[in-house]
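In what follows, a structure is listed as structure tokens, so that the remarks can point back to it.
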Amino acid sequence: MSFSVEQRGNQNSLSYRLFFKNAEGKYISPFHDIPMYADEGQNIFHMVVEVPRWTNAKMEIATKDLLNPIKQDVKKGKLRYVANVFPHKGYIWNYGAIPQTWEDPAHKDGDTGCCGDNDPIDVCEIGSKVCSRGDVIKVKVLGILAMIDEGETDWKVIAINVDDPEASEFNNIGDVRRLKPGYLEATVNWFRRYKVPDGKPENQFAFNEEFKDKDFAIEVIKSTHNFWNTLISQKVNAGELNCKNTCVSAGDSPFCCSADEATAAVGETWPCGKEEPVPSSVDKWFYYERK
């Protein structure tokens, strides 16, 4: 199973979009049409890479847009970039999401006491390769961190690309602690502090900032897949989420998007153009001490 992307608009601008296609060249939704499992028997999952390691642009699957392309998050009319909080530069992993998952904002998690954040579940891929935006990779799950972001449950799955040369050495969260010393602590600090330069408070974590293991993580992923199933089968109100898809829903479903509709939607966006410059402020380093 292979996937490709088609860029529309100008990178580093409000017009930028990254649309997905399957092996047949059919436009698809990375939220709904890419299977969650790459190999269910081996618990290997697909991951859609939204943000390559070391970059700052806060790219994400546009859950409210038709076909859910990747686009840059916008705050107060301006493109959003994550700050560099010393000693980090941009994202410290390849960051993305597992398709066909959804953190239900109406479901209060029994472990965190908070409802979901209305997005697919997030993944931090810790392999040696810097991926490209829009890559769909196969990952082995190692553990999970329960972040509480402004009162919402925002799970962070820790995983490694199965094609990474060191993948065979990583089978659970303890292997990350042993083979990449300091990485898990840096991950907690990154998520705790990355919004502080924007005037936001530090994020909090359930389980006293403890990473849960592989088995726990897989159960959380499965539960978010069940929530997605209720969403795509219209058993819950989708709200502002765009659930149209080209491969999952049957033709009599309001969520079914025809090939013609999908092609027309992409055609209405800006054609691929020249990359815009990144603001120099994105390279600024921020320093602060925890209180």
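Counting only GluC sites (Glu not before Pro) that sit in a DSSP loop (anything but H, G, I, E, B) with at most 12 other Cβ atoms within 10 Å, what is the longest stretch of the chain containing none of them?
No qualifying site falls inside 25-149, the longest such stretch.
Just to check I understand the Karplus step: with θ = phi - 60° and J = 6.51 cos²θ - 1.76 cosθ + 1.60, what whole-Hz values come out for region 12-23, glycine and proline as x?
Rounded to whole hertz, the list is 6, 9, 5, 7, 5, 9, 10, 8, 10, 10, 8, 5.
Quick one: if you stick a label point 7 Å off each Cα along the C-beta vector at LYS274 and LYS200, how many nm between them?
Spacing of the two 7 Å Cα→Cβ label points: 3.4 nm.
In whole Hz and in residue order, list the ³J(HN,Hα) couplings for region 41-49 that follow from phi through the Karplus curve 6.51 cos²θ - 1.76 cosθ + 1.60, θ = phi - 60°; x for Gly and Pro.
x, 9, 6, 9, 10, 7, 10, 9, 7
Where the Cα atoms of the chain are projected onto their three principal axes, how long is each span, largest first, in whole Å?
54, 45, 39
Net charge around VAL5, counting only other residues with Cβ within less than 14 Å of its Cβ (Lys, Arg = +1; Asp, Glu = -1)?
+2
Work out the FRET efficiency for ASN226 and SER15 from their Cβ-Cβ distance, taking R0 = 25 Å, and round it to the nearest 0.05.
0.10
Using DSSP to call loops (not H, G, I, E or B), can you name the trypsin sites (Lys or Arg not before Pro) in region 105-143 whose Cβ has at most 15 other Cβ atoms within 10 angstrom?
Answer by residue number: LYS129.
Are there chymotrypsin sites (Phe, Trp or Tyr not before Pro) in region 228-291 that DSSP puts in a loop and that have at most 16 other Cβ atoms within 10 Å, and which ones?
Passing both the DSSP loop test and the Cβ count: TYR287, TYR288.
Which value at 222 nm does the chain reach when only helices count, each DSSP H run of 4 or more adding -39,500 (n - 2.57), with the total divided by all residues and rounded to the nearest 500 deg cm²/dmol?
-5000 deg cm²/dmol
Seen from all sides and averaged, what is the projected area of the convex hull of the Cα atoms in region 7-99, in nm²?
Averaged projected area of region 7-99's Cα convex hull equals 7.4 nm².
Evaluate the distance, in nm, between pseudo-label points positioned 7 Å from the Cα of ASP111 and of GLU166 along their respective Cα→Cβ axes.
2.5
Would you mind computing, in nm to one decimal, how far apart the modelled labels at GLU261 and LYS26 are, each placed 7 Å from Cα along Cα→Cβ?
If labels sit at GLU261 and LYS26, their model points lie 1.4 nm apart.
Give the lysines reachable from LYS71 as a straight Cα distance under 18 Å; neighbours fewer than 8 places away on the same chain don't count.
Reachable lysines: LYS21, LYS58, LYS244, LYS274.
Wrap a convex hull around the Cα atoms of region 131-244, take a quarter of its surface area, and give that in square nanometres.
Average projection, Cα convex hull of region 131-244: 9.3 nm².
Return one quarter of the surface area of the convex hull spanned by the alpha-carbon atoms of region 35-147, equal to its mean projected area, in nm².
Averaging across all directions leaves 8.6 nm² for the Cα convex hull.
Go ahead and collect, in residue order, the members of region 47-73 whose backbone nitrogen is under 19 Å from a label point 7 Å along the Cα-Cβ direction of SER132.
Once the point is set 7 Å along Cα→Cβ of SER132, 47-57, 59-61, 69-72 turn out to lie under 19 Å by backbone N, inside region 47-73.
Starting at the first residue of region 79-92, write each ³J(HN,Hα) from the Karplus equation 6.51 cos²θ - 1.76 cosθ + 1.60 with θ = phi - 60°, in whole Hz, x for Gly and Pro.
With coefficients 6.51, -1.76 and 1.60, one gets 4, 9, 10, 6, 6, 8, 8, 3, x, 8, 10, x, 6, 9 Hz.
Could you compute how fast region 214-291 diffuses translationally, taking Rh as the Kirkwood radius over C-alpha pairs and applying Stokes-Einstein at 37 °C with viscosity 0.692 mPa s? Give it in µm² per second.
190
Residues with amide H under 5 Å of TYR16's amide H, sequence separation 5 or more or different chain, H placed in the peptide plane at 1.01 Å from N; which?
ASN10
Counting only other residues whose beta carbon sits under 14 Å from that of ASN226, what net charge do I get with K and R as +1, D and E as -1?
In short, -2.
Amide H of ASP149: which non-local residues (sequence gap of 5 or more, or other chain) have their own amide H closer than 5 Å, using H built in the peptide plane?
ASP154
Readers should treat all values here as calculations from the given coordinates under stated rules, not as data from a laboratory. Remember, it's a predicted structure, so these values are computed and weren't measured experimentally. Neighbour counts are summed over all protein chains in view; Cβ atoms, including those assigned to glycine, are modelled from backbone coordinates with ideal geometry.
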